[in-house]
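Data block below; observations after.
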């Protein structure tokens, strides 16, 4: 069975600025991959989602 990847935009704000649809998708996700840990949503997502992976190290390594 093939996996499924859903790409959503988090915007630049906090949890109150997310659309309800995006919030529901994030809550249902088994894993979330984020470009950076330096985002206003990170702290709140870490409390609500089982697995977050960030790519800061890759972006910093490859300016």
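Taking each DSSP H run with n ≥ 4 as -39500 (n - 2.57) and averaging over every residue of the chain yields -9000 deg cm²/dmol at 222 nm.
With contacts taken as Cα pairs under 8 Å and at least 6 residues apart, the chain reaches a relative contact order of 31 percent. Between residue 15 and residue 35, the FRET efficiency from the beta-carbon distance, with R0 = 22 Å, is close to 0.80.
A short reminder: the numbers here are calculations on the coordinates, not readings from a lab. Bear in mind the structure is a predicted one, so any value in this text is a computation, not a measurement. Every residue, glycine as well, gets a Cβ built from its backbone with ideal geometry; the counts of neighbours run over all protein chains shown.
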